[in-house]
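See below for the structure under consideration.
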Ligand code: DP6
């Protein structure tokens, strides 16, 4: 039974931030369930800057499930959307509000269709983890619409949309445990520390290019699993140690260890991309110049002042231990990358304020 007053439509809007991995996920052991070959750790960003906002609506008048991304309709026929919708519908509960004339039983959700409208406030698929924020937001919004009780299962559902999405369901520092189960029930995200745990830490993002990447993470990591020996070494012998060290560094707010591990893991991930056949290049010249600039600074001081990490794209995510160092970093970046016409370093996002340098 479905009864709803007014326009006959029930709606929920949610917002989810993106996350940036400091120990990277790269490679799956199960492609359809999206089970990774190693644990990973990320920092969830402030939702005011890089986030997805999604509205989900249900109405007896909807004839099919439909979705619009940034105002353009996209197909929901892909396995990932279907997996998320199916899993959420299976967990759906009763939604009953007599005052509003709403009465949807758990089993009704199997027959009802949803419409989904999603917006990213940052470039889609440019290596800023748009799919992470997107699927986390979709799963969360649907779970609220359909009154899913078991919130702890949401990360396992979001994971089936996009692996890194499971980490965006929590704020602060988050670990995605690879798990052992063949059905993926223990491949879930766990919050290591809340947002407030390390409030001095500043994250600065340099948008080097907002163009869509040529090779998606999904394809890239599949090719790496098939061809890179370094990836096997990394997942079996290197990442397990790094995960322990990173957990400890986060617990103790030990910036030196955090910074060294973050940059090293990013560099190893891109080395795996190079070790893939054919090689994958996600970073560009500007990314390399940013790395050089930071490494030279760190070396001249004898200890890491800031660290950097790059996902599957050329944009730099940098970490500073406090706002003072972050503003020194910004000064350096503006000195080496003045916002001149033709420069492809177009914008910086720092901590809780956005500093946009239009490249002309
Ligand atoms: C480089 O989560 O986008 O950002 O699971 O195939 O959707 P799929 O891949 P995705 O991969 C993200 C890879 C990464 C590293 C990370 O976020 O850990």
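Every number in this text was worked out from the coordinates using simple rules, so none of it is lab data. Predicted, not measured: the structure shown is a model, and the values here were computed from it. In this analysis, Cβ positions are derived from the backbone assuming ideal geometry, glycine residues included, and neighbour counts consider all displayed protein chains.
Structure notes:
- With contacts taken as Cα pairs under 8 Å at a separation of at least 6 residues, the range 270-336 carries a relative contact order of 25 percent.
- Axis angle, to the nearest 10 degrees, between helix 79-91 and the longest C-alpha principal axis of the chain: 50 degrees.
- Counting only alpha carbon atoms, the long axis of helix 323-336 and the longest principal axis of the chain meet at about 70°.
- Euclidean distance of C-alpha centroids, the range 7-44 and the range 224-290, integer Å: 19
- Gain upon complete extension [residue 186, residue 73; 0.36 nm per residue less C-alpha separation]: 37.3 nm
- For the peptides 96-104, 56-64, the ranking by mean Cβ contacts within 10 Å, running from highest to lowest, is 56-64, 96-104.
- With the highest mean first, a sort of the peptides 197-203, 262-268 on other beta-carbon atoms found within 10 angstrom per residue produces 262-268, 197-203.
- Helical mean residue ellipticity (222 nm; -39500 (n - 2.57) per DSSP H run of 4+; nearest 500) of the chain: -10000 deg cm²/dmol
- Anisotropy class of the range 126-223 from Cα gyration tensor, a/c 1.5 cut: oblate
- A straight chain from residue 121 to residue 30 at 0.36 nm per residue would run longer than the Cα-Cα distance by 29.6 nm.
- For the range 149-189, the relative contact order works out to 37 percent when only alpha carbon pairs closer than 8 Å and six or more residues apart are counted.
- Each Cα pair under 8 Å and six or more residues apart adds its sequence gap; the mean of these over the residue count of the chain is a relative contact order of 19 percent.
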